[in-house]
Amino acid sequence: NANQVYVPYCTSDAHMGNTSAFGWHFRGAVVVQSVLSELVNRHGLGNNDKKKDFMIFGGGSAGSRGAMVHLDYVPRMLGDASKNVDVVGFLDSPLWIDMDPFKRSFMGFVDETKEFFLSAGVEHLGDSCIEAYNFTDQWKCLFGEYRIPHLQTPFFLVASQYDSFQLGNAVGHRPQGADEIAYAEDFANRTAAVVRGIREQWEGKSVKLHAGSFSSAVFSWACYNHCTSGGRGGFNLWTAAGTTMDTGVQAFLSWVSNRGDLSWMDNCTGFACGDGCSRDHFQTQPTVPPKVRQVV
């Protein structure tokens, strides 16, 4: 038996902030805390000492960035109930990459994050991340490339090597022409390198929970897309290195005996070269049997 709790995005702060500015409230962190408190106080999460609950805490796009920031803090946010709740993360597309934008009129994700850090009142910066950077660089604790390596809670990371949200903003549209394609390929190479480094950090490392031992997993296709886990194509049909996201998640959760190395990454050359999420691949896949579980 499982329950799914969906938190709509209405705070314009990637679910991280706790402040007011410009006549608006940015209280994403308060909303997340309120939801977790309601799950404990009204729905009994973690209230049974004889039965341990299991929570996959995650999100997509802005939601994944918020989940990234809060993930290690979820036990504190659950309070006493946390002793009966195992927590792992599912992060679909939080991996912002530190690159100057191709389009000069776009301020860039780095400058955007720096301004946000100074104004949003984000408190969950991560203890080891705070130790790693002085105050002027602690904006990095909100930025995927720099924050994810500091996460202590096991997670399943999805990162498109040609992330359409980042490239669409940095270039201004889908890359085309030699210079834009070269920029996109540089972005893809950097993304792949960061993802490999994240998995290498967890190599031979696991966290013991009531439900078993967990290590972080990475899933990175060489495709021009972003945050696809909410759809049948992205979760059940398209593949990275020949594996669907559904299969990867089941391996991460130890629901299958053959877990592999918990790394599924395309390794090909050329813009959006991953064949596992092409239109032709999608059209030739069989219908997903009703028994397949979507866990997010």
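Quick check on region 116-130: of everything there that is free of Cβ contacts under 8 Å to residues at least 60 places away in the same chain and more than 18 Å from Val32 (Cα to Cα), which residue is most open to solvent (accessible area, probe 1.4 Å)? Of everything passing the filter in region 116-130, Leu118 is most open to solvent (accessible area, probe 1.4 Å).
The residue of region 254-268 that is farthest from Ala211 (Cα to Cα), among those that are open to solvent by 50 Å² or more (accessible area, probe 1.4 Å) and polar (S, T, N, Q), is Asn267.
Annotation note: Cβ proximity below 9 Å between a residue of region 215-227 that is within 16 Å of Gly59 (Cα to Cα) and among the β-branched types (Val, Ile, Thr) and a residue that is outside any loop (DSSP other than H, G, I, E, B) and open to solvent by 10 Å² or more (accessible area, probe 1.4 Å) (sequence gap 6+ or interchain) occurs for Val218/Arg196; Val218/Arg199; Val218/Ser263; Val218/Trp264; Val218/Met265.
Within region 131-139, is even one residue within 19 Å of the chain's Cα centre (by Cα) and either open to solvent by 30 Å² or more (accessible area, probe 1.4 Å) or in contact (Cβ under 8 Å) with a residue 40 or more places away in the chain (or both)? Taking every residue of region 131-139 in turn, none turns out to be within 19 Å of the chain's Cα centre (by Cα) and either open to solvent by 30 Å² or more (accessible area, probe 1.4 Å) or in contact (Cβ under 8 Å) with a residue 40 or more places away in the chain (or both). Can you tell me which residue is nearest to Ala170 (Cα to Cα) among those in region 88-105 that are open to solvent by less than 30 Å² (accessible area, probe 1.4 Å), assigned to a loop (DSSP other than H, G, I, E, B) and of a type outside the set (Val, Ile, Thr)? Only one residue fits best here, namely Met99. For region 19-36, a residue qualifies if it is touching a helix residue (DSSP H, G or I) at 6+ places or on another chain (Cβ under 8 Å) and closer than 28 Å to Lys83 by Cβ, and the qualifying residues are Gly28, Ala29, Val32, Gln33, Leu36. One residue stands out among those in region 11-58 that are more than 14 Å from Ser119 (Cβ to Cβ) and touching a Phe, Trp or Tyr at 6+ places or on another chain (Cβ under 8 Å): the one that is surrounded by the most Cβ atoms within 10 Å (Cβ to Cβ), which is His15. Cβ-Cβ contacts under 6 Å between residues 6 or more apart (or on different chains), taken from a first residue in region 241-253 that is under 23 Å from Leu209 (Cα atoms) and buried (at least 19 other Cβ atoms within 10 Å of the Cβ) to a second residue that is charged (D, E, K, R) and modelled with pLDDT under 95, are listed as Ala251/Arg259. Sort out which residues of region 246-282 are over 26 Å from Asp186 (Cα atoms), at pLDDT 95 or above and touching a helix residue (DSSP H, G or I) at 6+ places or on another chain (Cβ under 6 Å), and write them in order of number. Answer for region 246-282, where residues must be over 26 Å from Asp186 (Cα atoms), at pLDDT 95 or above and touching a helix residue (DSSP H, G or I) at 6+ places or on another chain (Cβ under 6 Å): just Asp246.
The values are calculated or read from the model by the stated rules, or taken from the named source; none is laboratory data. Source: prediction; values computed, not measured. Heads up, the Cβs are rebuilt from the backbone with ideal geometry, glycines too, and the neighbour counts pull from every protein chain shown. Keep in mind that these areas ignore ligands, DNA and RNA; they rest on the heavy atoms of the full protein, side chains included. Shrake-Rupley method; radii C 1.70, N 1.55, O 1.52, S 1.80 Å.
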